[in-house]
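Just so you know, all these numbers are worked out from the coordinates, no wet-lab data involved. Note that the structure is a prediction, hence the values are computed from the model and not measured. Using ideal geometry, Cβ is built from the backbone for each residue, glycine included, and neighbour counts are taken over all protein chains shown.
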Amino acid sequence: MTLSFTVLAYTDISQIDAQMWDRCFAEKGGPCLTHSFLHSLEESHSVGGDTGWLPYHLCILQDAQPVAFLPGYIKTHSYGEYIFDHAWANAYAHHGQQYYPKWINAIPFTPVTSQRIGWVDAQPSWNDLPIIIEQVKTFLYEQHYSSMHLLFANEAEQIALQNAPLLHRLSLQFEWSNQDYTSFTDYLSYFTSRKRRSINKERKKVQQQQVTIERLAGAEITAEHMAFFYDCYRVTYLKRSGHDGYLTAEFFTQLFDQLKDNVLLVLAKQGNQYIAGAMFLFDDTQLYGRYWGALREVDGLHFECCYYQGIEFAIEHGIKRFNPGTQGEHKILRGFAPTYCHSFHSLALPDFEIAVDDFLQRERIGIKQYKAQCDQLLPFRQISDTPTDCTNM
């Protein structure tokens, strides 16, 4: 018997029951997939309107009953996704075709591997996924979207999607893993002596510039802290990119109101004046480095706020993984290991899909070689070595 599924689209997450949504993504979605987080993006106009991110969340129905949800957006550009397909768009344009609009299954501006398909039933129907994906493709292509893209799928989804009618793309991020370290000093004891000295020297340099660090979480964070952080975020984006950033001030206000218990704020002071900050989101198992900004440049401060403070927080709270964000080979020497990310793609035009499939197969070889090279750069000693007492080093 062939299962029959239908697809329903929502252009506003508030149209979907918040409790049902959060139950579907409770296990492996993380704070960035909560109804509150996605609603904050929409209510603050960080997505929607003329941003190029139009909410288009999909509900999969069987016999008129919801069985799964896919957070999604119609895109009119490829910015803020971090799985780069600009070359595909250029190829379409070169041949007189329209690549945009396209549909993506992703979290805006959030290159984090986590759940992408929320199942209503506690036991996911993985065997049904290829049929569901085929139905989603039909639904989208009938509306003349050029393509569909599932970005940063988690491990269970990655395995199940191998059997779906999609192209598999491999990419790389750098992630920290907590091996039951008892302190930052204990963590550094697993480094080679040269790499350990380099980290300690880097941290000491920040202290020597009369910088102190405050780490605030949950109820310790005030509205004033959040307002200051937004200034840092906005000014930094303005310097680098010529605009105020993807996220509005209202988004940070709503994040403060709705998800304060999942927010870690690291603020840097020089003398009595705040000068920089980093914002993280976290749950019981993972820390997510999300945003950074500075009003004043201090050598080494970015590494201190965005990496070392995050590692210390994860160790103190027994958090197993720390994803500091996309790209950045400088993370390797600080103990962030190269980790594969998985995305899945389909293009409505068969000739382009064949060409992209060929590209992805060749790209995959390069990604695997790059990962092997990165593995060789990690700062850890041989595993058979005895940890070093580096208290005074």
Q: Mind checking the full-extension length gain between GLN373 and GLU250? Use 0.36 nm per residue of separation minus the Cα-Cα distance, one decimal, nm.
A: 40.1 nm
(Q) Under 14 Å between alpha carbons, and skipping anything fewer than 8 positions from LYS137 in its own chain: which aspartates and glutamates qualify? (A) GLU353
Q) Going by the alpha-carbon gyration tensor, a ≥ b ≥ c the square roots of its eigenvalues, is segment 231-297 rounded (a/c under 1.5) or, if a/c is not under 1.5, prolate (a/b greater than b/c) versus oblate? A) oblate
**Q.** Stretchable slack from GLU220 to ARG240, in nm (0.36 nm times residue separation minus alpha-carbon distance)
**A.** 4.2 nm
Q) FRET efficiency for MET20 and HIS45, Cβ-Cβ distance as r, R0 = 22 Å, nearest 0.05? A) 0.30
Q: Describe numerically, in nm with one decimal, the distance between label points set 7 Å from Cα along Cα→Cβ at ASP231 and at ASP351.
A: 5.6
Q) What shape does segment 1-68 have by the C-alpha gyration tensor, where a ≥ b ≥ c are the square roots of the eigenvalues, rounded means a/c under 1.5, and otherwise prolate means a/b greater than b/c and oblate the rest? A) oblate
Q: Any lysines with Cα under 25 Å of the LYS205 Cα? List them, leaving off those in the same chain fewer than 8 positions away.
A: LYS195, LYS239, LYS269, LYS331
Q. Karplus couplings for segment 14-23 from phi (6.51 cos²θ - 1.76 cosθ + 1.60, θ = phi - 60°), rounded to Hz, Gly and Pro as x?
A. 5, 6, 9, 4, 5, 5, 5, 4, 5, 5
Q) [x] 1.15; [y] 0.98; [z] 1.05: which one is Rg/Rh (Cα atoms, Kirkwood Rh) as calculated from this entry? A) [y]
Q) For segment 40-84, list residues with backbone N below 17 Å from a point placed 7 Å from the Cα of GLN123 toward its Cβ? A) 67-68
Q: For every other residue with a beta carbon closer than 11 angstrom to the beta carbon of PHE336, add +1 if it is Lys or Arg and -1 if Asp or Glu, then tell me the sum.
A: +1
Q. How high is the FRET efficiency between ARG197 and GLU316 when r is their beta carbon distance and R₀ equals 22 Å, given to the nearest 0.05?
A. 0.40
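Which of the GluC sites (Glu not before Pro) across segment 1-102 are loop residues per DSSP, with 15 or fewer other Cβ within 10 Å?
Those satisfying the criteria are GLU27.
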Q) Distance in nm between label sites at ASP299 and LEU61, each 7 Å beyond Cα in the beta-carbon direction? A) 6.4
**Q.** Paramagnetic reach from SER183 in segment 291-319 [backbone N under 15 Å; point 7 Å along Cα→Cβ]
**A.** 312-313, 315-317
(Q) I want to verify a result. In a Gaussian network model of the chain, Cα cutoff 10 Å, which of these has the top mean-square fluctuation: ILE354, ILE60, ILE107? (A) ILE354
Q) Taking the chain as a Gaussian network, where each spring joins two C-alpha atoms under 10 Å apart, which residue of LEU41, LEU333, LEU349 fluctuates the most? A) LEU349
Q. Given a Förster radius of 30 Å and the C-beta distance between ASP283 and GLN98 as r, what FRET efficiency does 1/(1 + (r/R0)^6) yield to the nearest 0.05?
A. 0.15
Q) In whole Hz, what ³J(HN,Hα) sequence does segment 140-148 give by Karplus (6.51, -1.76, 1.60; θ = phi - 60°), x for Gly and Pro? A) 6, 6, 5, 9, 6, 6, 6, 6, 10
**Q.** From phi via Karplus (6.51, -1.76, 1.60), per-residue ³J(HN,Hα) for segment 211-227 in Hz, x at Gly/Pro
**A.** 9, 10, 10, 10, 10, 10, 9, x, 5, 6, 7, 10, 4, 5, 4, 5, 5
